[in-house]
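Asks: Take a look at the following structure, please.
The values are calculated or read from the model by the stated rules, or taken from the named source; none is laboratory data. Note that the structure is a prediction, hence the values are computed from the model and not measured. Methodologically, a virtual Cβ is constructed for each residue, glycine included, from the backbone with ideal geometry; neighbour enumeration extends over all protein chains shown.
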Amino acid sequence: MVHKIIETKFGVFVESLILTVLILIIGFSLGLGIEAYRTNKIIDSYKDYEIEALDLKLQNYYYQIMDRSSCDEAIKQNFAFADDLYLRGLELEKYEEANQLTDDIFREKKRYVLLKTELWLNSILLKEKCENPFDTVVYLYSGDPANNVKVAQQKVLSNVLKTVKEDKGNKIILLPIAGDLELYKDGPNLRAVELQMRIYNVTNLPSVIINEKIVLEGFQTVEKIESYLKD
């Protein structure tokens, strides 16, 4: 009788152990699958911008040769591109917050930053060609994921800028650009971003550049930012 009881307890123990191991394997596999899906989703989203980068270059060539009679349509297309880029960037942020910044994702993030920088340069050219018909607000922030204090501060400023964008709509182009990505992983520097920061004497992040004239460092209110914008 004692022998049977021991065998029964041992059998229950083995069954529980097997069940626990199976649950762990399934959970681990499911976690890896979800992580891989999110990572691939981010990379696929960034790859779309390779085509759009070429589109932006062609737009730049067009802005250089067009006359003022084409301004209305050019401005319309520039805003459509900027708004699409901005909204898709917000979606990508959600995926990034749930993922470790792998080398592949980091590389694609650099491409995305360069694309926004190119859009900024296009907007400057278009404003000069068409007598400053809109405002540009460039938000240069730190891409350091380890600095929790700065990440929290930048989230507050990001929300302020979202409010400004919602208030002004198609009167402004808002471009959030990471200004220091090259500091946190090996790889090529973003020289175009570095050059723009030097031109506007940006030494601290976060900073906001308004119409290529005003540079505001650190936290800002909606009212202060909007005071530098056109009515």
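Asks: Could you check how many residues of segment 151-171 are touching a residue at least 40 places away in the same chain (Cβ under 8 Å) and not hydroxyl-bearing (Ser, Thr, Tyr)?
Replies: Result for segment 151-171: 12.
Conditions (1) assigned to a helix (DSSP H, G or I); (2) closer than 16 Å to residue 193 by Cβ; (3) at pLDDT 90 or above; (4) not β-branched (Val, Ile, Thr), marked per residue:
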residue: 107; (1), (2), (3), (4): yes, yes, no, yes
residue: 123; (1), (2), (3), (4): yes, yes, yes, yes
residue: 126; (1), (2), (3), (4): yes, no, yes, yes
residue: 131; (1), (2), (3), (4): no, no, no, yes
residue: 138; (1), (2), (3), (4): no, yes, yes, no
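Asks: Tell me which residues, restricted to segment 173-231, are in a strand (DSSP E or B), at pLDDT 95 or above and touching a helix residue (DSSP H, G or I) at 6+ places or on another chain (Cβ under 8 Å).
Replies: Correct list: 208, 210, 216.
Asks: Consider residue 168 carefully, then state whether it is modelled with pLDDT of 85 or more, more than 18 Å from residue 116 (Cβ to Cβ), surrounded by 14 or more Cβ atoms within 10 Å (Cβ to Cβ) and not acidic (Asp, Glu). Write out each step before concluding.
Replies: On the way: modelled with pLDDT of 85 or more: yes; more than 18 Å from residue 116 (Cβ to Cβ): yes; surrounded by 14 or more Cβ atoms within 10 Å (Cβ to Cβ): yes; not acidic (Asp, Glu): yes.
The answer is yes for residue 168.
Asks: Here is a further query. Give 190, 205, 174 a once-over and let me know the one that is closer than 22 Å to residue 110 by Cβ and in contact with a Ser or Thr (Cβ under 6 Å, 6 or more places away or on another chain).
Replies: None of the other options fit; the residue is 205.
Asks: Now for a separate question. For residue 142, indicate whether it is modelled with pLDDT of 75 or more, crowded, with 19+ Cβ neighbours inside 10 Å, on the phi < 0 side of the Ramachandran plot and within 14 Å of the chain's Cα centre (by Cα). Please lay out each step first, then the result.
Replies: On the way: modelled with pLDDT of 75 or more: yes; crowded, with 19+ Cβ neighbours inside 10 Å: yes; on the phi < 0 side of the Ramachandran plot: yes; within 14 Å of the chain's Cα centre (by Cα): yes.
Criteria met by residue 142.
Asks: Right, next: Restrict the check to segment 172-191 and report whether at least one residue is at positive phi and touching a residue at least 24 places away in the same chain (Cβ under 8 Å).
Replies: Scanning segment 172-191 turns up at least one residue that is at positive phi and touching a residue at least 24 places away in the same chain (Cβ under 8 Å).
Asks: For residues in segment 140-162 being in a helix (DSSP H, G or I) and among the aliphatic types (A, V, I, L, M), which is nearest to residue 54 (Cα to Cα)?
Replies: My answer is 161.
Asks: One residue is enough: does segment 184-195 have a residue meeting the conditions touching a strand residue (DSSP E or B) at 6+ places or on another chain (Cβ under 9 Å), of a type outside the set (A, V, I, L, M), surrounded by fewer than 16 Cβ atoms within 10 Å (Cβ to Cβ) and over 30 Å from residue 72 (Cα atoms)?
Replies: Within segment 184-195 (the criterion being touching a strand residue (DSSP E or B) at 6+ places or on another chain (Cβ under 9 Å), of a type outside the set (A, V, I, L, M), surrounded by fewer than 16 Cβ atoms within 10 Å (Cβ to Cβ) and over 30 Å from residue 72 (Cα atoms)), the answer is no, since none of the residues qualifies.
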